[in-house]
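Here's the structure, in structure tokens; my notes come after.
The values are calculated or read from the model by the stated rules, or taken from the named source; none is laboratory data. No experiment lies behind these values; they were computed from the predicted model shown. Cβ: placed from backbone, ideal geometry, glycine included. Neighbour counts: every protein chain shown. Each accessible area value is taken on the protein alone, full model and side chains, heavy atoms only, with ligands, DNA and RNA left out. Shrake-Rupley method; radii C 1.70, N 1.55, O 1.52, S 1.80 Å.
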Amino acid sequence: MATSSLVFEVRRREPELVRPAEPTPYEFKRLSDIDDQESLRFQIPVIQFYRHEPAMRGRDPVQAVREGLARALVHYYPFAGRLRECEGRKLVVECNSEGAMFIEAEADVRLDQFGDVLQPPFAGLEELLFDVPGSGGVLNSPLVLVQVTRLVCGGFILALRLNHTMSDASGLSQFMAAVGEMARGVARPSVIPVWRRELLDARSPPWVAFPHHEYDVVPDTNGTIIPLDDMVHRSFFFGNSEVATIRRSVPEHLRSCSKFEILTACLWRCRTIALQPSPEEEMRVICIVNARTKFNPPLPLGYYGNAFAFPVALSTAAKICRNPLGYSLDLVRKAKADVTEEYMRSVADLMVTTGRRHFTVVRTYLVSDVTRAGFGDVDYGWGKPVYGGPAKGGVGAIPGVASFFIPSVNRKGEKGIVVPVCLPAPAMERFEVAMQNILKGSEVAETPKPTFVVSAL
């Protein structure tokens, strides 16, 4: 098994089911109408790398995490259940304490062999987060899979896979923090979990108040789904200097835009140039927006369901490529500003009236900021991870669509954001050139070249 130049062997024990450490209620719990949309019916992978900690000599991370998981499942007992589908494609959790799937493993590799800077793509990910046959379904399968792999240096890797319909990044990080607290012997989680999924249910009668172009039904008439047989995964680092350079390239009235908005617009423009769509093709970028604070009152502290929206900015390839970066940035800024409590209610209403449809993937790029999610703060007793965050970019029902903003430190010790990007190999080369032009302050207008071989999602 090899990724890049690093080759190592992983020896796994037979998978087991970890049940809650104490009896929990047997009941059926409905997911919200935001949770069970088709867009979230997939597994999200997260990975954490931990150094050897001399103070933990004699403690086994596998045992600590297994026990912490069992104790955390007492409080998060729906995670130990199984999803069932009811009339109208409504998802409910049968809280039956079947348990989360757990894998104990060992690898003949040291942490430092993964490199000075840990970032996706990771060597041997398929072995560090093993897809147990029959475990990956959305329905009637374990909702959580955890693999803890001991390293020869005394460190370990924790990889986790979660059914996305159960939680978003904030909710998953909250659960993992609880596992860490339980593993360290804390009596109860510092944040008490709140179910309350009815808070994000559709209204009666449903009333769709926004156009919601993110869910448009768009035919793929030009063969514009990215081919998956020649995909390249690379990560790009943006520190303060890179962000400042990009910020200087936009009009003054847009320079107060957030780092997320500026980087999203930059990535969208470079990706569009790289994919060479036809000039008239409508290109899309979805900006994930956490809506927890958009409600009045805000969603309760401890709510761990999905509470985000998929607002979309859209424009033709010609306008994106030929206009300066400020054009794309203004579209991204306006799309993010759309998300309000009323917008979220309207999304829920749309889901129940359209069969819980998937967001549009044709010619779409999705960007999610997990810099504040907290995956890098989870402590199972060995301190904070060297890296904690998404295991790869481009996850979901359609690979290659998504990029994550992940907190990182480069080789110079500078803090910043690392963004995994997944593109066909020829497009990746063009992407890097377009990005370098912006970072060198030599951005030029591009004329899209019509092609139907490699084009955008």
At 4 °C and 1.567 mPa s, the Stokes-Einstein diffusion coefficient in µm²/s for region 144-233, with hydrodynamic radius from the Kirkwood sum on alpha carbon pairs, is 70
Under 5 Å from the placed amide H of S235, counting only residues 5+ away or on other chains, we find V421
With θ set to phi - 60°, apply the Karplus curve 6.51 cos²θ - 1.76 cosθ + 1.60 along region 329-342 and write out the HN-Hα couplings as whole Hz, x wherever there is a Gly or Pro.
4, 5, 5, 5, 4, 5, 5, 4, 5, 5, 6, 9, 4, 4
Using the Cβ atoms and a cut-off under 14 Å, what net charge is assigned to the surroundings of N410, where Lys and Arg are +1 and Asp and Glu are -1?
0
Solvent-accessible area per residue, Å², over region 276-412 with all protein chains present [probe radius 1.4 Å]
35
Whole-angstrom gap from region 344-390 to region 139-201, using each part's C-alpha centre
14
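Could you give the dipole magnitude of the chain about its Cα centre, charging the beta-carbon of Lys and Arg +1 and that of Asp and Glu -1, in debye to the nearest 20? Write out the running numbers ahead of the final one.
Details: 52 positive and 52 negative charges, 187 e Å.
Rounded to the nearest 20 debye, it is 900 debye.
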Whole-Å distance linking the alpha carbon centroid of region 283-297 with that of region 8-37 is 27
Size of electric dipole in region 1-147: Cβ of Lys, Arg +1 and of Asp, Glu -1, about Cα centre, debye, nearest 20
280
Can you list residues whose amide H is under 5 Å from E281's amide H, if they're 5+ apart or on another chain and H is modeled 1.01 Å from N?
A317, A318
Which whole-Hz couplings ³J(HN,Hα) result when phi for each residue of region 244-261 is put into the Karplus expression 6.51 cos²θ - 1.76 cosθ + 1.60, θ = phi - 60°, listed in order with x for Gly and Pro?
4, 4, 5, 4, 5, 7, 10, x, 4, 5, 10, 6, 8, 4, 5, 4, 4, 5
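I'd like the carbon and sulfur percentage of the solvent accessible area for the chain, probe radius 1.4 Å, heavy atoms only, ligands and nucleic acids excluded. Let's see the in-between values first.
On the way: 9460 of 18610 Å².
On the chain, the fraction of accessible area on carbon and sulfur atoms equals 51 percent.
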If amide H atoms are built 1.01 Å from N in the plane of the peptide, which residues on other chains or at least 5 residues away come under 5 Å of the amide H of G137?
none
Calculated Cα Rg over 2.2 N^0.38 Å (choose from (1) 1.15; (2) 0.97; (3) 1.04), label
(2)
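Leaving out ligands and nucleic acids, note down the accessible area per residue over region 1-152 with a 1.4 angstrom probe, in whole Å². Mind showing how you got there, number by number?
Numbers: 6680 Å² over 152 residues.
Spelled out: the 1.4 Å probe surface of region 1-152, per residue, equals 44 Å².
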Taking square-rooted eigenvalues a ≥ b ≥ c of the alpha carbon gyration tensor, is region 1-98 rounded, prolate or oblate, where a/c under 1.5 means rounded and, failing that, a/b exceeding b/c means prolate?
oblate
Kindly flag which residue pairs out of K294/K334; K415/K440; K319/K392 have an alpha-carbon separation exceeding 26 Å in this structure.
K319/K392
Read phi for every residue in region 357-365 and hand back ³J(HN,Hα) as whole Hz from Karplus 6.51 cos²θ - 1.76 cosθ + 1.60, θ = phi - 60°, with x for Gly and Pro.
5, 7, 5, 5, 9, 5, 6, 10, 10
